[in-house]
Amino acid sequence: MGTSDIGEKAAGTVVADRASPQAEAAGESLRTHSRRRPGAGRTTVLGWSLLGPSLVWVALVSFVPIGAALDLSLYKTNFITKVDFVGLKNYRDVFTGPGNIKMLVVSGIFLGCSLILAVGVSLVLAVLLDMKLAGITGFRTLLMIPWVTSGLLAGLLWKWVVSPLVGPVPYILSDITSGSPGGNVDLLSTQTGALAVLIFVVVWKLYPFGMVLFLASIRTIPRELFEAARVDGAGPLSQFRYITLPAIKNTLIIVSVFFTIMFLTMAEVPLVITGGGPSGATNVVGLDIYHEAFQVLDTGGAAALAVVVFLVNIVLGIVYIRSLRSDDI
Amino acid sequence: MSIPRGSDRAGSWLAKSVCYVALAMASIVACFPVYWGLITSLKSNVSLLHLPPQWLPTAPTLENFRYVWDQTSLRTNIVNSCMITIITCAITLLLAFHGAYASVRLNFRGKSFGLFILLMTIMVPLMVTLVPQYLLAADFGLINTKELLIIVFTAWQIPLATWILRAHISRIPVEIEDSSRVDGCSRLGTLYRIVLPLSWPGISAAAIVVFVWVWNEFILSITLTTSDVSRPVSAGLYQFVTETGVQWGSLSAGAMIALVPPVILFLVLQRRFVEGLSAGAGK
């Protein structure tokens, strides 16, 4: 009951934020079809032969390495070779190792700010795009562009754009702040500046994903609800708060979960923009795992950190679902 | 602010203007780096470092493009990317479509468990498996091969593609399939003759999502390849980030070229894509 609940709910979310008559009917038929009847054995064979290949592929390529990672995390390693069995020492080091506290704090700030901004921006844009305005499709296309660019590209291009040597942004900034042209405001040289730039770029890159999901969800809300509210005298903000928000709750969960996972595993953008500096101010956890494994060559430590991130993902996912889900949808 | 759609009231003129302005500003921020990359790629190496930075190249030149196309490995990288991405898409969609259909329409023992496992994989961060996958691949002698990238990317994309396709297939009314089976068509026959054609929007959506992800995938590509034999363009662009500094001219030119396939695919299939992700919303 528990697993099928989460699995089916998670998968069905985009479709059925509000139970439309169509979805009800489909669900109804599914239920009647699913009772045990003659031929259930054949259905099992058919079902597994259709779903099986996917499972096998994923299990072999992902699960085996996950098991290996769990194993590796219990050892002191020198890249490929296991040197010593150290039990849970790597896990302890995650929280007590030198520089790790800062990394964890930075990651927390990064996750919090990025999540709020990303969800906020994508939701607002989705609401805007939902309006029947001329040329809205053009805007939608343009707004999707960050998602199509690669992380490498996004990092490098924004880095270029804010660099004091050749980019326009510092130039503009110092124009505004000090009134004299010729920018040498280097955003990336300060710790807060660098982290701010990183958060900005990451949100820029990922908001389209949330935007599309929210847009799809908002479109399922029956117009009559808004009409009725308007007739009753509710303004746009009230309509948003009492109609839109509750209706998109499930999508809000899904988007938050996806964004959290993406932010916690984000490595390419920080790698490319700052490499983790200055002095670890942008050394977020995804980047740190990569750094541990392939530069410090402490694969055991990296694996332990990765497992911690994995657990955090699961916990946060459960937290979101618990706190936002209303069972009477 | 959900203003009733199609509203014609006098006061909404102001609201509409605000919306347009907000969208325009957002669009500028969204497109700015690509715009900047484009004009940078057209600047000669001399004018690149010109201060104040030029908003439009005064003497646009194609020398960066020519250099990157003729004198670097970018062409090989792009060919690699095309092969890897297309094959990954094909296999992923093939497996995900069947799996999605089975999980939506059929009810069999262990289905929920299998589905849960599959979808939970989306939760798993790439990082967890990076190290062991590298080691495993090394054991099989697969490091630096296109096949390895295809295998790994497919595994990562199947859950997401399945999720998208599930949402779409469950929107197709069961009655259509029922009537086809009443007419004597087998389950599989119905699958291919009825459900498949109706699923094209969902398949397009999944195709674009997978294509863009694989095309732009950087970390795994960089880690699992060591030479241009297998290196896709996402990792190939990194060669312009050198010890002595970034070669902005070449990098932008290469990046612009690398942007072409996904952007074209996206523009062409954009409508399908949004439809597919909306899974019939608004009907």
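The values are calculated or read from the model by the stated rules, or taken from the named source; none is laboratory data. The model shown is predicted, which means the values in this text are computed figures rather than measured ones. We place every Cβ from the backbone using ideal geometry, glycine too, and count neighbours over all the protein chains shown.
Confirm whether B:LEU51 is modelled with pLDDT under 90 and of a type in the set (A, V, I, L, M). Yes: the conditions hold for B:LEU51. Given the condition modelled with pLDDT under 85 and over 17 Å from the mean Cα position of the chain (by Cα), answer yes or no: does some residue in region A:102-112 qualify? For region A:102-112, residues modelled with pLDDT under 85 and over 17 Å from the mean Cα position of the chain (by Cα): absent. Taking region A:181-219 on its own, how many of its residues are modelled with pLDDT under 80 and buried (at least 18 other Cβ atoms within 10 Å of the Cβ)? Counting residues in region A:181-219 that are modelled with pLDDT under 80 and buried (at least 18 other Cβ atoms within 10 Å of the Cβ) gives 4. State yes or no: is B:GLY189 free of Cβ contacts under 8 Å to residues at least 40 places away in the same chain, over 26 Å from the mean Cα position of the chain (by Cα) and outside any helix (DSSP H, G or I)? So B:GLY189 does not fit the description; no. The residues listed here are B:THR162, B:THR154, B:THR121; of these, the one that is facing chain A (nearest Cβ under 8 Å) and modelled with pLDDT under 85 is B:THR121.
Look at (1) outside any loop (DSSP other than H, G, I, E, B); (2) out of contact with any His (no Cβ under 9 Å at 6 or more places or on another chain) and you find that A:PRO53 fails only one, number (2).
Return yes when A:GLY300 is out of contact with any Gly (no Cβ under 6 Å at 6 or more places or on another chain), within 23 Å of A:ALA154 (Cβ to Cβ) and either in contact (Cβ under 8 Å) with a residue 40 or more places away in the chain or small (Gly, Ala, Ser) (or both) and no when it is not. Against the criterion (out of contact with any Gly (no Cβ under 6 Å at 6 or more places or on another chain), within 23 Å of A:ALA154 (Cβ to Cβ) and either in contact (Cβ under 8 Å) with a residue 40 or more places away in the chain or small (Gly, Ala, Ser) (or both)), A:GLY300 does not qualify. Please find, within region A:213-227, the residue that is nearest to A:ILE248 (Cα to Cα) out of those that are free of Cβ contacts under 8 Å to residues at least 12 places away in the same chain and facing another protein chain (nearest Cβ under 7 Å). Checked region A:213-227; the qualifying residue nearest to A:ILE248 (Cα to Cα) is A:ARG223.
Can you tell me which of (1) among the aliphatic types (A, V, I, L, M); (2) more than 29 Å from B:VAL233 (Cβ to Cβ); (3) within 14 Å of chain B (Cβ to nearest Cβ) is the one A:VAL119 doesn't meet? Here A:VAL119 meets the rest and fails (3).
Restricted to region A:72-101, and to residues there that are at pLDDT 80 or above, over 9 Å from A:GLY301 (Cα atoms) and β-branched (Val, Ile, Thr), the residue that is surrounded by the most Cβ atoms within 10 Å (Cβ to Cβ) is A:VAL86. Taking the options A:VAL296, A:VAL307, name whichever one is closer than 21 Å to A:VAL83 by Cβ and buried (at least 21 other Cβ atoms within 10 Å of the Cβ). The match here is A:VAL307.
When B:GLU147 is tested against (1) buried (at least 22 other Cβ atoms within 10 Å of the Cβ); (2) at pLDDT 85 or above, exactly one condition is not met: (1). When restricted to residues that are more than 9 Å from every other protein chain (Cβ to nearest Cβ) and of a type in the set (A, V, I, L, M, F, W, C), region A:277-320 contains 13.
Considering only region A:126-133, I want to know if a residue exists there that is at the interface with chain B (Cβ under 10 Å from one of its Cβ atoms), more than 25 Å from the chain's Cα centre (by Cα) and over 19 Å from A:GLY210 (Cβ atoms). Within region A:126-133, one or more residues are at the interface with chain B (Cβ under 10 Å from one of its Cβ atoms), more than 25 Å from the chain's Cα centre (by Cα) and over 19 Å from A:GLY210 (Cβ atoms).
Among the residues of region B:83-104, those identified as touching a helix residue (DSSP H, G or I) at 6+ places or on another chain (Cβ under 7 Å) and more than 7 Å from chain A (Cβ to nearest Cβ) are B:MET83, B:ILE84, B:THR85, B:ILE87, B:THR88, B:CYS89, B:ILE91, B:THR92, B:LEU93, B:PHE97, B:ALA100, B:VAL104. The residues of region A:229-243 that are part of a helix (DSSP H, G or I) and surrounded by fewer than 10 Cβ atoms within 10 Å (Cβ to Cβ) amount to a single one, A:VAL231.
When restricted to residues that are β-branched (Val, Ile, Thr) and in contact with an Asp or Glu (Cβ under 6 Å, 6 or more places away or on another chain), region B:206-244 contains 1.
Of the residues making up region A:113-166, those that are within 27 Å of B:SER221 (Cβ to Cβ) and not in a helix (DSSP H, G or I) are A:THR149, A:SER150, A:SER163. Which is part of a helix (DSSP H, G or I) and at the interface with chain A (Cβ under 9 Å from one of its Cβ atoms), of B:ILE222, B:ILE194, B:ILE203? Testing whether each residue is part of a helix (DSSP H, G or I) and at the interface with chain A (Cβ under 9 Å from one of its Cβ atoms) leaves just B:ILE222.
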